[in-house]
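Heads up, the thing below is written out as structure tokens.
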């Protein structure tokens, strides 16, 4: 889990700030692509949004050869979702 700059998400009739970004690998063919499941949480650990992201091409090549692959994946995912890690 990584902290993010707050982003407002509509949740049960009100704009609620998401402040935590979580992402886990749910599929990796170890050759060309990986799929990640992400969640955006409120400060009280309520899931405000979730979904899947698929990494392939040069991004996957860089990810799979990076010794800090977890950090690479989080930075990549945050970029895809227009989030800023803090």
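At-a-glance table
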{"item": "Net length gained if the chain between residue 53 and residue 70 were fully extended (0.36 nm per residue, minus Cα distance)", "result": "4.7 nm"}
{"item": "Order of 76, 10 - criterion: other Cβ atoms within 10 Å of each residue's Cβ, fewest first", "result": "10, 76"}
{"item": "Computed over the chain, Cα set: Rg, Dmax in Å", "result": "13.6, 44"}
{"item": "Angle in degrees between helix 69-80 and the longest Cα principal axis of the chain, rounded to the nearest 10", "result": "60 degrees"}
{"item": "GNM top mover of 73, 18, 58 - the chain, alpha-carbon springs below 10 Å", "result": "58"}
{"item": "Relative contact order for segment 2-80, counting Cα pairs under 8 Å that sit 6 or more residues apart, in percent", "result": "22 percent"}
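FYI, it's all coordinate maths here, none of it is from the lab. Remember, predicted model here, so these are calculated numbers, not experimental data. Don't worry about glycine lacking a Cβ; one is built from the backbone with ideal geometry, like all the others, and counts go over all protein chains shown.
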